[in-house]
1. So residue 256 ticks every box in (1) modelled with pLDDT under 95; (2) more than 16 Å from the ligand (Cβ to nearest atom); (3) touching an Asp or Glu at 6+ places or on another chain (Cβ under 9 Å) but one. Which box is left unticked?
2. Hey, does segment 403-415 have a residue that's surrounded by 20 or more Cβ atoms within 10 Å (Cβ to Cβ), assigned by TED's automatic domain parsing to the domain that holds residue 288 and touching a Gly at 6+ places or on another chain (Cβ under 6 Å)?
3. Hey, could you check segment 366-385 for residues that are out of contact with any Ser or Thr (no Cβ under 9 Å at 6 or more places or on another chain) and in contact (Cβ under 8 Å) with a residue 12 or more places away in the chain and say which is surrounded by the most Cβ atoms within 10 Å (Cβ to Cβ)?
4. Name the residues in segment 350-364 that are within 15 Å of the ligand (Cβ to nearest atom) and open to solvent by 10 Å² or more (accessible area, probe 1.4 Å), would you?
5. Taking residue 288 as the residue in question, decide whether it is more than 12 Å from the ligand (Cβ to nearest atom), closer than 14 Å to residue 122 by Cβ and outside the structural domain of residue 157 (by TED's automatic domain parsing).
6. If you check residue 320 against the conditions, is it open to solvent by 30 Å² or more (accessible area, probe 1.4 Å) and at pLDDT 95 or above?
7. Scan segment 157-179 and tell me whether some residue there is among the polar types (S, T, N, Q) and in contact with a Cys (Cβ under 7 Å, 6 or more places away or on another chain).
8. Would a scan of segment 71-79 turn up a residue that is loosely packed, with under 15 Cβ neighbours inside 10 Å, farther than 17 Å from residue 425 by Cα and among the polar types (S, T, N, Q)?
Amino acid sequence: MQSTNSLITEFPLVKKLIDLEEVMWFNPKITSLDVGLPYVGLDAESIKDASERLRRFAPYLAKAFPETAKTKGIIESDVVFIDRMKACLEAQYQTPISGRMMLKKDSHLPISGSIKARGGIYEVLAHAEKLVLNAGILKESDDYSVLHNDSFNAFFSQYSIAVGSTGNLGMSIGIMSAKLGFTVSVHMSADAREWKKRRLRSHGVTVIEYEQDYGMAVEQGRLEAAKDPTCFFIDDENSRTLFLGYAVAGERLKQQFSEKGIVVDAEHPLFVYLPCGVGGGPGGVAFGLKMAFGDHVHCLFAEPTHSPCMLLGVHTGLHDEIAVQDLGIDNVTAADGLAVGRASGFVGRAMERLIDGYYTLSDERMYLHLRELSELENVRLEPSALAGMIGPVHVSNGAEYQARLKMTDNTLANATHLVWATGGGMVPEAEMAKYLAKSVQ
Ligand SMILES: *Cc1c(COP(=O)(O)O)cnc(C)c1O
C-alpha cells in the first residue's frame with residue numbers, strides 16, 4: 001500500500017480525517033443517473049423483484065409479527081416534518097436552511113427498530129423462499145402465511161444462518177431467522193450494546209461476542225459458515241440481496257410523498273442525508289431513491305470522525321483496499337451502527353457516481369442533536385441515527401456545490417431536506433436516559 005505521507009500529498013483531505021476533523025466533501029465526479037446506472041449492475045427490474053418478494057411474504061409477516069398487521073405485513077416507516085428542529089439548527093449554526101426539513105423514521109420500523117429491518121429481513125426471506133421453492137413445498141402463487149406453522153419451522157431448522165454485526169443487522173437477521181425456525185448465530189463486534197445481545201438470546205439466537213471490531217466479527221462469521229454446508233452467511237460487505245432490500249424504500253417514499261402532496265422535480269429538489277457504516281443500507285436506499293426520483297434526488301452520506309471508511313475509500317479511489325485503521329484512525333465511536341473501518345467495496349464502486357457528498361461529524365454532535373430532537377420533536381433515536389441531522393446545514397453553506405448543480409435561490413426554497421433516522425426505536429428507557437444525559441448544556 002501507498003505510504004500515508006504520499007496519500008496525504010495526493011489527497012490533502014486525508015490529513016484532516018487523520019486529525020479527526022469534521023469535514024464536508026462534495027464529490028466533483030458525480031454524474032447523471034443515465035451515466036452512473038450501468039456501474040451499479042442492478043436495475044429497476046431487480047428492485048421490482050425485491051418489492052414483489054416482500055409482497056408475497058406480507059401475509060406471513062402480518063401473522064408472525066402482529067405489530068405489522070395494521071400495514072398488512074408491509075414493513076414501512078413514517079415520514080414527518082421537523083420544523084422545530086429545523087429552526088433550532090438554523091439558530092445554532094447561524095445558517096438559514098431553504099425549504100422544509102423532514103425525518104424518515106426507520107428508527108421506528110417494526111420487528112427490529114432500525115433501517116436493518118429493510119435489508120436484513122429481506123435477505124432472510126429471500127433465502128427462506130429459495131429453500132422452500134427448491135424443496136417443492138411452496139409455490140410463488142401460494143399464500144405465504146402458511147409458513148407460520150410448525151412443519152415449516154421444522155423444515156427451516158435443518159438450516160442455519162450466520163452474520164457479523166455491530167448490533168442492528170444481527171437484531172434483524174436474528175429475530176427474523178429465529179421466527180422462521182432457522183438455527184442462527186450472530187457474531188457481534190465489541191461495539192454491540194448489551195441489550196441487543198440480551199434481546200437476541202431471548203429469541204433463541206446464539207450470540208458470539210468479540211473484543212474486536214466489525215471487520216473481525218464478519219470474518220469469523222464467514223469462517224464459521226464456510227465449515228457448514230447447511231449454513232448461509234449473510235455478507236453485509238458484498239450482498240446485492242441486502243442492497244435490494246434497502247432499495248425498495250425508494251418507491252415506498254415516492255408513494256408517501258405523493259400522498260402528502262410533496263413534489264420532487266427539477267424545481268423541487270430532494271436532498272437526503274444517510275448515516276453510513278459499511279454502506280449497504282445508505283447505498284441501497286440511495287439506489288432506490290435514484291430509481292424513484294432520478295436526478296432530482298441528491299444523496300449525502302454521513303460518518304463519525306472516528307470511522308470515515310466510505311469517505312476515505314471513495315475519495316482516494318481505494319475503496320475496500322484501505323481501512324481507517326491503516327491511517328491510525330481508531331474506529332471507536334458511540335455511533336455503534338456506524339463503527340466500521342473498511343467500507344463495502346461493492347457499494348463504493350457501484351454508487352460513487354451517484355452520491356453527491358460525504359461528511360464526518362463528532363460523537364458530541366450526534367449526542368447534542370439526539371437531545372434536541374427528543375426535546376423539540378419528541379422523537380428518540382440512537383446516536384448513529386443523528387448523523388444526518390447536520391446535513392442540511394452543509395448543503396445550505398455549499399455555495400460551490402449549489403452553483404455546480406445550477407440551483408437558484410428559488411429552487412432551493414422549494415427543496416425538501418430528508419434526514420434518514422436509521423435506528424433507536426427499541427432502545428430501552430434506561431439506555432435512552434444515558435444517551436440523553438450525554439449532552440447537557
Ligand atoms: C447499520 C446502520 C447504519 C448504516 O448502515 P450500513 O449498511 O452499515 O452502512 C446506520 N444507522 C444505524 C442505526 C445502523 O444500525
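The values are calculated or read from the model by the stated rules, or taken from the named source; none is laboratory data. The structure displayed is predicted, hence computed values, not measured ones. FYI the Cβ positions are ideal-geometry reconstructions off the backbone, even for glycines, and counts take in every protein chain you see. Please note that ligands, DNA and RNA were not included when accessible areas were found on the heavy atoms of the full protein model with its side chains. Shrake-Rupley method; radii C 1.70, N 1.55, O 1.52, S 1.80 Å.
1. All conditions are met except number (1).
2. Yes, some residue in segment 403-415 is surrounded by 20 or more Cβ atoms within 10 Å (Cβ to Cβ), assigned by TED's automatic domain parsing to the domain that holds residue 288 and touching a Gly at 6+ places or on another chain (Cβ under 6 Å).
3. The first filter runs over segment 366-385 and keeps only residues out of contact with any Ser or Thr (no Cβ under 9 Å at 6 or more places or on another chain), leaving 373-378.
If we keep only those that are in contact (Cβ under 8 Å) with a residue 12 or more places away in the chain as well, we get 373-374, 376-377.
On the way: 373: 24, 374: 16, 376: 16, 377: 17.
It comes out as 373.
4. If we filter segment 350-364 for residues that are within 15 Å of the ligand (Cβ to nearest atom), which is where we start, we get 350-352, 355, 358-361, 363.
If the condition is that a residue be within 15 Å of the ligand (Cβ to nearest atom) and open to solvent by 10 Å² or more (accessible area, probe 1.4 Å), then 352, 363 are the ones that fit.
5. Numbers: more than 12 Å from the ligand (Cβ to nearest atom): yes; closer than 14 Å to residue 122 by Cβ: yes; outside the structural domain of residue 157 (by TED's automatic domain parsing): yes.
In short, yes.
6. On the way: open to solvent by 30 Å² or more (accessible area, probe 1.4 Å): yes; at pLDDT 95 or above: yes.
Yes: the conditions hold for residue 320.
7. Going residue by residue through segment 157-179, those that are among the polar types (S, T, N, Q) are 157-158, 160, 165-166, 168, 172, 177.
Those left that are additionally in contact with a Cys (Cβ under 7 Å, 6 or more places away or on another chain): 160.
Within segment 157-179, one or more residues are among the polar types (S, T, N, Q) and in contact with a Cys (Cβ under 7 Å, 6 or more places away or on another chain).
8. Looking through segment 71-79, at least one residue is loosely packed, with under 15 Cβ neighbours inside 10 Å, farther than 17 Å from residue 425 by Cα and among the polar types (S, T, N, Q).
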